[in-house]
1. Take GLN146 and decide whether it is in contact with an Asp or Glu (Cβ under 9 Å, 6 or more places away or on another chain), polar (S, T, N, Q) and either surrounded by fewer than 17 Cβ atoms within 10 Å (Cβ to Cβ) or modelled with pLDDT of 95 or more (or both).
2. Name the single residue, out of those in the stretch 130-141 being touching a residue at least 40 places away in the same chain (Cβ under 8 Å) and loosely packed, with under 15 Cβ neighbours inside 10 Å, that is farthest from ASN8 (Cα to Cα).
3. Among the residues of the stretch 99-107, are any surrounded by 17 or more Cβ atoms within 10 Å (Cβ to Cβ) and within 11 Å of the chain's Cα centre (by Cα)?
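The values are calculated or read from the model by the stated rules, or taken from the named source; none is laboratory data. Predicted model, so just to flag it, every value in this text is computed and none were measured. A quick note on method: Cβ atoms are made from the backbone with ideal geometry, for glycine too, and the neighbour counts reach across all protein chains shown.
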Amino acid sequence: MEPVPASNSRTVQTSLVLPPDTNHLGTIFGGKVLAYIDEVAAIAAMRHARNPVVTASIDSVDFLSPVKEGDIVNVEAFVSWTGRTSMEVYVKVMSEKGPGGDRRVTAISFVTMVAVGKDGKPVPVPKVLPETEEEKQLFESAPERQELRKKRKKR
């Protein structure tokens, strides 16, 4: 299989935070952000693998800044590294105070997705070809994160 540029998997989802998305403090539910992360990571992984995918793991998610009702949430993801059947997907969540307002990083996460065939069993995926400096940096540091995941799984 030929390597696939990371840009082929890049996926962006933009949403407006509405009242049903928020808790009693007027900030977005953490579970809503996790759902966005999982959904956008899955789309990026499917674009890379050209197959359905399942979520294998979501690395820890740190909520770095609050997102309030009326804010705009931008979730961006791309495949940063691949194994034989798995893909590490880098996901960055940004929030914006209304249209044209201040932007800030809300959360960053790495999601591991596994490509599956029609029978539901894992199938091989192409390697990823990093192009930008950000993609190269994430690609080079991925084996260390992979090793940490393996250790965590053993515990």
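1. For GLN146, the condition - in contact with an Asp or Glu (Cβ under 9 Å, 6 or more places away or on another chain), polar (S, T, N, Q) and either surrounded by fewer than 17 Cβ atoms within 10 Å (Cβ to Cβ) or modelled with pLDDT of 95 or more (or both) - is met.
2. Step one: of the stretch 130-141, the residues touching a residue at least 40 places away in the same chain (Cβ under 8 Å) are 130-132, 135, 138-139.
With the extra rule that they be loosely packed, with under 15 Cβ neighbours inside 10 Å, the set shrinks to 131-132.
Values: GLU131: 11, THR132: 13 Å.
Going through the qualifying residues, I end up with THR132.
3. Taking every residue of the stretch 99-107 in turn, at least one turns out to be surrounded by 17 or more Cβ atoms within 10 Å (Cβ to Cβ) and within 11 Å of the chain's Cα centre (by Cα).
Each row is one residue, and each column tells you yes or no for (1) farther than 20 Å from GLN137 by Cβ; (2) basic (Lys, Arg); (3) modelled with pLDDT of 95 or more.
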{"residue": "HIS24", "(1), (2), (3)": "yes, no, yes"}
{"residue": "ALA35", "(1), (2), (3)": "yes, no, yes"}
{"residue": "ARG47", "(1), (2), (3)": "yes, yes, yes"}
{"residue": "PRO52", "(1), (2), (3)": "yes, no, yes"}
{"residue": "ALA56", "(1), (2), (3)": "yes, no, yes"}
{"residue": "ILE72", "(1), (2), (3)": "yes, no, yes"}
{"residue": "LYS97", "(1), (2), (3)": "yes, yes, no"}
{"residue": "ALA107", "(1), (2), (3)": "no, no, yes"}
{"residue": "VAL116", "(1), (2), (3)": "yes, no, yes"}
